[in-house]
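Visitor: Let me give you the structure first, and then I'll get to my questions.
Any read-out appearing in this document is the output of simple, stated calculations on the displayed coordinates, not a laboratory observation. Because the structure is predicted, anything quoted here is derived from the model rather than measured. Here the Cβ is made from the backbone with ideal geometry for all residues, glycine too, and neighbour counts use every protein chain on show.
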């Protein structure tokens, strides 16, 4: 099984996280931000992952450091669990409708980190600021070395839009990380 565990401690956050890329949706998540916990639950279930996550952050300031640092650790765990990437599918595209919302995520586990973020969202849902969605995914793709395009094709309710983004990304990662062969899927022989 492709598993990894990391701890990260800064003056702003203290994070311990375990990831199993070949999981079944098992999770224990505590970030101190209720809506973010809900979105990470969705990421785990729709990504076919197992995650254990405990984070203590400087939430008296705001949620930014907590969300970004969790993205950094998750990205590092994905990279570590993928190893040399032998046999992975590599590319994936996922369209997810969430009621009136439609989101598309296209990824390449290429070794070249990039986020193209096509979601014009703002405001707050629960205790979570919408601008943190982009910060989270930028941290994840940078530290997992994934090229990722996230587009909200049709928006609507903010909760539904953010939920669609997390589900679409999760399903794309699930497909791209799936082992379907033996070789590294690159003409260069390395990703």
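Visitor: For residue 66, all conditions in the list (1) farther than 29 Å from residue 153 by Cα; (2) under 15 Å from the mean Cα position of the chain (by Cα); (3) free of Cβ contacts under 8 Å to residues at least 60 places away in the same chain; (4) surrounded by 20 or more Cβ atoms within 10 Å (Cβ to Cβ) hold save one; what is the number of the exception?
Guide: (1)
Visitor: Suppose the filter is under 16 Å from the mean Cα position of the chain (by Cα), farther than 20 Å from residue 141 by Cβ and touching a residue at least 12 places away in the same chain (Cβ under 8 Å); does residue 25 pass it?
Guide: Taking the combined requirement at face value, the residue satisfies it.
Visitor: Does segment 157-167 include one or more residues that are more than 24 Å from residue 51 (Cα to Cα) and outside any loop (DSSP other than H, G, I, E, B)?
Guide: The answer is yes; a qualifying residue exists.
Visitor: Let me ask another. For the structure I just gave you, tell me whether residue 127 is within 22 Å of residue 33 (Cα to Cα) and over 12 Å from the mean Cα position of the chain (by Cα).
Guide: On the way: within 22 Å of residue 33 (Cα to Cα): yes; over 12 Å from the mean Cα position of the chain (by Cα): yes.
So residue 127 fits the description; yes.
Visitor: Return the total of residues in segment 104-151 being in contact (Cβ under 8 Å) with a residue 40 or more places away in the chain, in contact with a helix residue (DSSP H, G or I) (Cβ under 8 Å, 6 or more places away or on another chain) and assigned to a loop (DSSP other than H, G, I, E, B).
Guide: Count: 7.
Visitor: Any idea how many residues of segment 11-64 are more than 24 Å from residue 131 (Cα to Cα) and assigned to a helix (DSSP H, G or I)?
Guide: 0
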